[in-house]
1. Out of the residues in segment 333-368 that are under 18 Å from Ala81 (Cα atoms), without any contact (Cβ under 8 Å) to a residue 60 or more places away in the chain and more than 14 Å from the ligand (Cβ to nearest atom), state the one that is surrounded by the most Cβ atoms within 10 Å (Cβ to Cβ).
2. Any residue that is part of a helix (DSSP H, G or I), surrounded by 19 or more Cβ atoms within 10 Å (Cβ to Cβ) and either at pLDDT below 95 or more than 19 Å from the chain's Cα centre (by Cα) (or both) - is there at least one of those in segment 369-389?
3. Exactly one of (1) within 16 Å of the ligand (Cβ to nearest atom); (2) on the phi < 0 side of the Ramachandran plot; (3) touching a helix residue (DSSP H, G or I) at 6+ places or on another chain (Cβ under 8 Å) is unmet by Asn175. Its number?
4. If we only count strands (runs of 3 or more DSSP E) wholly inside segment 392-438, which ones have 3 or more residues that are among the hydrophobic types (A, V, I, L, M, F, W, C)?
5. When both residues are 6+ apart or on different chains and their Cβ atoms are under 8 Å apart, which pairs have a first residue that lies in segment 220-234 and is within 11 Å of Met74 (Cβ to Cβ) and more than 10 Å from the ligand (Cβ to nearest atom), and a second that is basic (Lys, Arg) and at pLDDT below 95?
6. What number goes with the only condition from (1) within 39 Å of the chain's Cα centre (by Cα); (2) modelled with pLDDT under 95 that Asp155 does not pass?
7. Quick test for you: out of Ala70, Ala81, pick the one residue that is under 22 Å from the mean Cα position of the chain (by Cα), assigned to a helix (DSSP H, G or I) and within 30 Å of Gly183 (Cα to Cα).
8. Just for segment 241-265: of the residues that are under 18 Å from Leu391 (Cβ atoms) and within 10 Å of the ligand (Cβ to nearest atom), which one is surrounded by the fewest Cβ atoms within 10 Å (Cβ to Cβ)?
Amino acid sequence: MSTPNTPDLMQKIVSLCKRRGFVFQSSEIYGGLKSAYDYGPLGAELKRNLMTEWWKDMVHARENVVGIDASIIMHPRVWEASGHLSGFSDPLVDCKVCKERFRADKAPRAEAGQALTLTYADKGAAKVAEELIAKQFGVTLTRDGKDLKGAVAGDRGYVCPVCGSPFLSDERQFNLMFKSSIGPVDPLGAVAAAIEAGTLGGLTGRELRSAIEEITKPTAVYLRPETAQAMFVQFLNVQQSMSMKVPFGIAQMGKSFRNEITVEHFIFRSCEFEQMEMEFFCEPGTDDEWMDFWCKARMEWWQRYANEPGKFRFRAHDKSELAHYAKGCFDIEYDYPWGWGELEGIANRTDYDLKKHAQYSGAKIDYFDPTTQKRFVPYVIEPAAGATRGLLVYLIDAYHEEEVNGEIRVVLRFHPRLAPIKVAVLPLVKKEGMPEIARDLVNAFLKRGINAKYDEQHAIGKRYRRHDEIGTPFCLTVDGESAADGTVTLRDRDTMEQRRISIANAVDEIEALLRA
Ligand code: GAP
């Protein structure tokens, strides 16, 4: 019997996570910090195991992928080139048609009532935009090739800089990046000095903001909002130092930070989280094939460790959802207790990022293929997964309740390779040499690199339940016969079946089961 997939399940998981040391609210004794979580002893193991499996599959198992571990704080120009910084001090607006995010004060001007022509990449994109505008705004436009005619400017005074549309979001003074400062200059001191010198007098609110932004700009740095950009920025260094031949990938996993407006569902969306991303560089024209390849590989990977592979699905982004530079995007979604939601996005980012970084840095970023003698800017397929979100998915997937002898048994059916503790070694009683045999066994496991735990607290049944609840796949019980016949009882977490195995073979046997 598994627990129904309802919001109630989330309450049970959140409570188990705290009770058993998987996830705690950050700074709890101070009342907690909104949307920040600490991974406890078992959560830290689970996260590490999940990320190690990803690294093994994406990097170690593939000759054409290498990994990097870049700094979280990067040159601020990186975020200008990537588009993450635009509008930091000015109102941000989203075009509801082509999804471009832009600064209102830099957008092309248009008088209220002025007739507009909206222009898209091709006829197909124009058709998609025409349908979206009709559906979402009830406005019928006339299509002429890649142009749409018949729209008029509103009283905003500007239109979208990419497609010319007046269908825009409200302006917001907001950026999702966390800002800090670097170096010995105190940015607030510099602002105070400017106020004292009277250089900020008589400015409007917006002008004042821009002026302060200018003063603090030389020391401003940001916590990365995604791990992806370092892979673009280091493309040349990695390709040249490792003599990589396109097609090849650069992978990275680690912390990302977003000042999310909406934080929700426990660790599903938080301000500090971990990502596992790979940028796969390929020759333009081969990108569709590689997109198919990575979609398949990534779905297989998530399903490999799940009890219920049917709870993962693909969702193709329709054209109106795509960023203007993306050629295609598929989300791998999971059926969370609150409904289907994103777990990983696999995007065809074309040559957009490499070209942007070439433009902003002045570096020549391209690739010369020695076989075909062709020089080109590679296209990029990006499988971008959430590690902490993945941890939540496997917690939900693992959580089971079942009735055993009139009692509810809670068991986390983690895949053995994800389980925080692989094997618990339990002396039946704390005497007659049993603790010594158990400790020797634990040491033998640890020497082999298998996370084993000695546990002598409480009655044996209670100990089994405790290890079921934290997902330990195997328990070895040392009893009165162990010293005499050199055997222990091996108990399987999922079936609860028990059989005797030899102490001498125990480590090999468990190791084989973990590899299976
Ligand atoms: N480089 C592309 C990129 O970062 P994304 O869809 O914004 O794409 C990739 O992020 C994955 O990172 C998401 O599918 C999700 O699993 C995870 N993620 C994004 N924002 C998150 C947040 N605030 N909290 C937890 N996980 C998040």
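The values are calculated or read from the model by the stated rules, or taken from the named source; none is laboratory data. These numbers were taken from a predicted model, which means no experiment stands behind them. All Cβ positions, glycine included, derive from the backbone under ideal geometry; neighbour counts span all protein chains shown.
1. Of everything passing the filter in segment 333-368, Ala358 is surrounded by the most Cβ atoms within 10 Å (Cβ to Cβ).
2. So far as segment 369-389 goes, no, none of its residues is part of a helix (DSSP H, G or I), surrounded by 19 or more Cβ atoms within 10 Å (Cβ to Cβ) and either at pLDDT below 95 or more than 19 Å from the chain's Cα centre (by Cα) (or both).
3. So Asn175 meets the others, but not (3).
4. In segment 392-438, 407-412, 423-427 are the strands (runs of 3 or more DSSP E) which contain 3 or more residues that are among the hydrophobic types (A, V, I, L, M, F, W, C).
5. Val221/Lys179; Tyr222/Lys179
6. (1)
7. Ala81
8. Looking at the filtered set, the residue picked out is Glu264.
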